[in-house]
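The values are calculated or read from the model by the stated rules, or taken from the named source; none is laboratory data. Fair warning: this is a prediction, and the values are worked out from it, not measured in the lab. Because the Cβ atoms are built from the backbone with ideal geometry, glycine has one as well, and the counts that use them run over all protein chains shown. What goes into the accessible areas is simple: the full protein's heavy atoms, side chains included, and nothing from ligands, DNA or RNA. Shrake-Rupley method; radii C 1.70, N 1.55, O 1.52, S 1.80 Å.
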Amino acid sequence: MADDYRRQGFELERRIFELDIKCLSLRSEKPDDDYLQNASTILEKLKSFYTQGGESSNLSKLLQDYTQVILDITFFEENKLVDQEFPEDTSPFKIQQLLQDLTEPEVLVAKLASGQEVQSVLGTELLECLYWRRGALLYMYCYTLHQRKQWIKKNKDAFLKCIQEGVRYLMRMLQVRNSVKLNDGVVLHDSATASILSEGIFSDTHLLTMMYIGEMCFWAVKYEDCSSDTTERKEDHLQFRDIGTQILNKYVLACEGPLQGQGWNTENAKEILSILQ
């Protein structure tokens, strides 16, 4: 057991000090960035823990703090990409790097807390955020690419691959929590809340995720219709159409039902549904 703790401590310590160097470099670009400041504060606490000879007895808390640092640093880097409108030459490499960084917490949990579920170690909200951030990054990238018609003509397969990966991450985000089953002894006095929770919608981010999935499925169907009809493409095409239709129908029902008057627009969702159905 002592050897396990030492191994866990070394693995995390190495990555924490690597992230600290990276954070310092990024802060030199924008010292007043709130996310980098938060990451720096957490890193100082983590470095102090190791330099004072702390043992990894609370591995879950260390991994949660580490994950928050990853989320903060990558958020700053993502915003740079968005502000630069995803440069064609550097974006593919940078996006893969960000996706790898956002996957690392799950990888570390598997290595250092083997036998435990990632959700039980990191917690529901952090795990949802890791999936959301990867899916939203690919959505923003695909949204930008969708406006570059000439690029898509030459790189259609790469575009469709990004869509598929993004939809996969966003679907995983929606699946982290189980929908509330109203016949499981759960008593909710607010019928609107009960309806939303029974559909697995727990926050505004869940609703936005549904809209992102619908749009990405629409783009996939649109460009698959224009591509060669291989068996693999046909299967993907049917999957995107079905997923987009199911998700957007749920989105519209929620926004025009229990959430009516809360500021959620359904016009775009209905327009997409008229094409997908």
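Some notes on this structure:
- Calculated FRET efficiency for the pair GLN52/LYS222, C-beta based, R₀ 45 Å, to 0.05: 0.20
- Residues ASP34 and SER91, FRET efficiency given R0 of 25 Å [Cβ-Cβ distance, rounded to 0.05]: 0.55
- Rotationally averaged projected area of the range 17-66 (alpha carbon convex hull; nm²): 3.4 nm²
- Restricting the calculation to alpha carbons of the range 60-107 gives Rg and Dmax of 12.2, 39 angstrom.
- Around LEU122: net Lys/Arg minus Asp/Glu count, Cβ-Cβ under 11 Å: -4
- Pairs of alpha carbons in the range 42-182 whose separation is greater than 18 Å (percent): 61 percent
- Violating pairs (Cα-Cα greater than 29 angstrom) within the set LYS45/LYS111; LYS47/LYS94; LYS30/LYS111; LYS156/LYS270: LYS30/LYS111
- Local electrostatic count, ILE272, Cβ distance below 11 Å [Lys/Arg +1, Asp/Glu -1]: 0
- At most 11 other Cβ within 10 Å, DSSP loop - chymotrypsin sites (Phe, Trp or Tyr not before Pro), the range 15-72: none
- Pairs from the table (LYS80/LYS154; LYS149/LYS222; LYS22/LYS80; LYS154/LYS222) lying more than 20 angstrom apart at Cα are LYS80/LYS154.
- Karplus-based coupling profile of the range 31-39, in residue order and whole Hz: x, 9, 5, 4, 5, 5, 5, 5, 4, with θ = phi - 60° in 6.51 cos²θ - 1.76 cosθ + 1.60 and x standing for Gly or Pro.
- Measuring nothing but alpha carbons in the range 113-157 and taking Rh as the Kirkwood radius, the Rg to Rh ratio lands at 1.29.
- Where the range 1-142 is the region considered: accessible area per residue in Å², 1.4 Å probe: 50 Å²
- Whole-percent carbon and sulfur share, accessible surface of the range 51-157, 1.4 Å: 48 percent
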